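The values are calculated or read from the model by the stated rules, or taken from the named source; none is laboratory data. Computed from a predicted model, the values in this text were never measured in an experiment. With ideal geometry, Cβ positions are generated from the backbone for all residues, glycine too; neighbour counts draw on all protein chains shown. SASA here: full protein model, heavy atoms, side chains in, ligands and nucleic acids out. Shrake-Rupley method; radii C 1.70, N 1.55, O 1.52, S 1.80 Å.
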Amino acid sequence: MPDASFSQEILNKETIIIKTGKQLDNNNAHEMVETIVSIQIEGYKFIIFDMQQLEFISSAGVGSILGTIEASREIGGDIILCNASNSIMQVLEVLDLADYLTIKSDRAEAVKLGA
Amino acid sequence: MQLVVDKTNKVVVPDNLSNDNLEQFYSKLNVLLDKKPEEIEVDCSKLQRATSTHINILWDARYSCNEAGIKMRLVSISEGLVRVLKVLDLYDLLVEQEYQESVSSERRVIPEIDKDNNAIEMEFKATNGSIRSGIKKLKKFLGKADLEEISILELETIFYEVAMNICQHAQVSDNDLINLTATLTSDKIGLKFIYPGVSFDPTARVKDYDPGAVIKQRQKRGYGLIMINRMADEISYKRTDNDLNELYIEKYWGDSNA
């Protein structure tokens, strides 16, 4: 289990959930990258990114997802975003990412993909 | 160095700024802060003159007291010091202004410079805490306008990304001040950032952006300027005659945004 301040929950041997805090910005984006990379190294194919608490995401926060997602996809997995607020969705849409990211409305929908 | 702790809640600003004196001042200040009295007196009676370092000491004391939730009161202020503080627009903040509950990271905050024009001016340092504090003030100011949540979020994001890019590209230090003037009208807001450092034109750095490609390339950085340019409606930059950077951003809403 990677050691990180983001809350994590193992769903099964291929899927893990990361819960963000209120902010994902320049202060903790590098930590998020390290967390995701550690999880990928441990062999988890699907990472569910639960954004229920997330109120603000900066460009660095977006970059922490975009920069790591391909590694999961290469092994047949994905990073699945869920529980994004309208504000977070707006940021993703500004960057035209809606068609390039796997985004689900809630955790239950996201888990179906990772099951 | 022996630290003499008296029983009053007073710390004396040294005129002679030797390392020992500075250490003694800050040690005493820290002792007082730990005691958490209702008020700390900062005694300026020893000041024969007021240099920038003296002013910085006063500001440090004010900031530390604010953070600790302690009222700071300057005492024995000479006329010369009053003049210097007034020239620096710090007089109201350090001397006359009532203690404010909210902790502020700004060295100087002018809540409203022109009420008729619905404007606000603030200065903040290139640090995360100060930037966050600035965002809070901007959001409070935006409360004057009946904006949609999305518009407020975009303005918050613009502020944050501009500040972060200034820190990164203009090479400002933690102590440099970034000035922001925000002006509200019926259909738009203007944000004018003035900042020191090397020439940094955010409008000149936006490259072609392909979401699919950046994911394939595992690109982790470089999205801030794209977000600024896409969330704002107008952006202009110029280098001022006194070697400062001036970035002006406008965002419309309502019919003008159509």
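Within segment B:198-215, none of the residues are among the acidic types (Asp, Glu), in contact (Cβ under 8 Å) with a residue 60 or more places away in the chain and more than 25 Å from residue A:66 (Cα to Cα). Within segment A:51-108, if we keep just the residues that are of a type in the set (D, E, K, R), touching a residue at least 24 places away in the same chain (Cβ under 8 Å) and more than 23 Å from residue B:228 (Cα to Cα), the residue that is nearest to the other protein chains (Cβ to nearest Cβ) turns out to be A:78.
State whether the residues of segment B:153-172 include one that is open to solvent by 30 Å² or more (accessible area, probe 1.4 Å) and small (Gly, Ala, Ser). No, segment B:153-172 has no match at all.
Looking at segment A:24-34, which of its residues are open to solvent by less than 80 Å² (accessible area, probe 1.4 Å) and either without any contact (Cβ under 8 Å) to a residue 24 or more places away in the chain or farther than 18 Å from residue A:73 by Cβ (or both)? Listed by number, the residues that qualify are A:24, A:25, A:26, A:28, A:29, A:31. The set of residues from segment B:185-212 being assigned to a strand (DSSP E or B) and open to solvent by 10 Å² or more (accessible area, probe 1.4 Å) comprises B:188, B:192, B:194. Which members of segment B:79-124 meet the condition of being open to solvent by 50 Å² or more (accessible area, probe 1.4 Å), in a loop (DSSP other than H, G, I, E, B), in contact with a Leu (Cβ under 9 Å, 6 or more places away or on another chain) and at pLDDT 50 or above? Once the filter is applied, which keeps residues that are open to solvent by 50 Å² or more (accessible area, probe 1.4 Å), in a loop (DSSP other than H, G, I, E, B), in contact with a Leu (Cβ under 9 Å, 6 or more places away or on another chain) and at pLDDT 50 or above, segment B:79-124 yields only B:118. Restricting attention to segment A:35-50, the residues that are part of a helix (DSSP H, G or I), open to solvent by less than 10 Å² (accessible area, probe 1.4 Å) and more than 12 Å from every other protein chain (Cβ to nearest Cβ) add up to 2. Go through the residues of segment B:245-257 one by one and say whether even a single one is closer than 21 Å to residue B:133 by Cα, open to solvent by 60 Å² or more (accessible area, probe 1.4 Å) and among the hydroxyl-bearing types (Ser, Thr, Tyr). Yes: one or more hits. The set of residues in segment B:213-228 that are of a type in the set (A, V, I, L, M, F, W, C) and facing chain A (nearest Cβ under 7 Å) comprises B:214, B:215, B:226, B:227. Somewhere in segment A:57-64, is a residue farther than 15 Å from residue A:8 by Cβ and surrounded by fewer than 21 Cβ atoms within 10 Å (Cβ to Cβ)? No; the residues of segment A:57-64 include none that is farther than 15 Å from residue A:8 by Cβ and surrounded by fewer than 21 Cβ atoms within 10 Å (Cβ to Cβ).
For segment B:165-172, the criterion of a residue being within 22 Å of the chain's Cα centre (by Cα) and of a type in the set (Gly, Ala, Ser) is satisfied by at least one position. Taking residue A:15, is it in contact with a Gly (Cβ under 7 Å, 6 or more places away or on another chain) and β-branched (Val, Ile, Thr)? Taking the combined requirement at face value, the residue satisfies it. When B:215, B:178, B:135 are checked against the criterion of being in a strand (DSSP E or B), open to solvent by less than 60 Å² (accessible area, probe 1.4 Å) and outside the structural domain of residue B:60 (by TED's automatic domain parsing), B:178 stands alone in meeting it. Among the candidates B:154, B:246, single out the residue that is over 30 Å from residue A:70 (Cα atoms), touching a residue at least 40 places away in the same chain (Cβ under 8 Å) and outside any loop (DSSP other than H, G, I, E, B). Being over 30 Å from residue A:70 (Cα atoms), touching a residue at least 40 places away in the same chain (Cβ under 8 Å) and outside any loop (DSSP other than H, G, I, E, B) holds for just one of B:154, B:246, which is B:246.
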